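Read the structure below first, then the notes.
The values are calculated or read from the model by the stated rules, or taken from the named source; none is laboratory data. Values in this document were obtained by computation on a predicted structure and should not be read as measured data. Cβ atoms come from the backbone with ideal geometry, glycine included; neighbour counts cover every protein chain shown. Just so you know, the surface numbers come from the protein's heavy atoms only, side chains and all, with ligands and any DNA or RNA stripped out. Shrake-Rupley method; radii C 1.70, N 1.55, O 1.52, S 1.80 Å.
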Amino acid sequence: RAWHAGQSYWNGKKDINSYSIGIELDYSPFEKNNKFTYDLKKSLLFIIKKLIKKYNITPKNVLGHSDVAPYRKIDPGKIFPWDMLENNNLANKILVIKNNKITRLLEEWFFKFKFYTDERRILFMLGFIGYDVSLALIKNNYFEQLLLVYFNRYKLSSVSTFTKKNVYFIIYNHFANLLLTKIEK
């Protein structure tokens with residue numbers, strides 16, 4: 001058991017330390033020593049591949065500290081190479097939904113269940129994805145922090161600027177990906 005995450009939450013579980021394996025990379029919130037060198041990335045790929053195979057971990061459960069403790073943690077940070085993990089099928093990759101029928105059905109569902117505002121929809125979707133939305137429901141500054149944490153983790157190459165509209169687009173696609181994956185199985 002490691003103490004890497006501290007007070008944490010993911011997908012309905014508290015105390016993520018009891019359910020996870022932590023890989024600590026040096027991170028500074030002041031942009032010092034945040035270089036993810038070739039050797040470090042190569043080593044990270046190697047160890048994650050080994051752990052995923054040995055413990056049968058799904059890519060959607062390869063997370064950062066900021067995912068499991070979004071109100072306290074900011075690492076691995078905005079320059080962490082998530083795309084490298086995604087492109088090696090070692091972390092969840094969001095596919096953009098281009099099907100208007102699916103989009104229309106989701107919009108109708110949100111309306112039916114009275115999710116009229118973007119904020120309510122976002123919090124519902126982030127909760128469904130696995131995030132702790134409890135504090136974001138109470139205070140707007142926590143909502144903003146949660147959005148930034150999410151955006152730093154799931155930036156799409158086509159959406160690189162942090163705006164609420166861009167974050168909503170990514171969350172919406174992430175939510176739809178999860179729904180469609182559950183329907184397929």
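Could you give the distance between the Cα centres of segment 106-120 and segment 52-66, to the whole Å?
31
Against the longest principal axis of the chain, how steep is helix 164-184, in degrees 0 to 90 to the nearest 10, with axes from Cα atoms?
Rounded to the nearest ten degrees, it is 90.
Under a 5 Å amide H to amide H cut-off, with H placed in plane at 1.01 Å, what residues pair with I21 once short-range neighbours are removed?
none
Once you put a point 7 Å from the Cα of F128 and another 7 Å from the Cα of I23, both along the Cβ direction, what distance in nm separates them?
For the pair F128/I23, the computed spacing is 3.0 nm.
Answer with a single label: of [x] 17.5; [y] 16.9; [z] 20.4, which was calculated as Kirkwood radius over Cα pairs in Å from the structure in view?
[x]
Which of the trypsin sites (Lys or Arg not before Pro) across segment 59-120 are loop residues per DSSP, with 14 or fewer other Cβ within 10 Å? Could the numbers behind the result be given before it?
On the way: sites: K60, R72, K73, K78, K93, K98, K101, R104, K112, K114, R120; in loops: R72, K73, K78, K93, K98, K114.
Those that pass, being in a loop and sparsely packed, are R72, K98, K114.
To test your reading of the geometry: what angle, between 0 and 90 degrees and rounded to tens, separates the Cα axis of helix 38-55 from the longest principal axis of the chain?
It works out to around 70 degrees.
Which of the residue pairs K13/K60; K73/K139; K78/K164; K42/K73 have a Cα-Cα distance greater than 19 Å in the structure shown?
The pairs that break the limit, which is 19 Å between Cα atoms, are K42/K73.
Rounding to the nearest 10 and keeping the result within 0 to 90°, find how far the Cα-based axis of helix 118-129 lies from the longest principal axis of the chain.
Between helix and principal axis, roughly 50 degrees.
How large, in percent, is the carbon and sulfur part of the accessible surface of the chain at a probe radius of 1.4 Å? Display every interim value, and only then the final one.
Values: 6510 of 11620 Å².
About 56 percent, which is the carbon plus sulfur part of the accessible surface.
Could you provide, to the nearest whole Å², the per residue accessible area of segment 134-179 with probe 1.4 Å?
With the other protein chains kept in place, segment 134-179 gives 48 Å² per residue.
Which Cα, out of F80, Y150, L180, lies furthest along the positive dipole direction of the chain (beta carbon charges, K/R +1, D/E -1)?
Toward the positive end, the furthest listed residue is L180.
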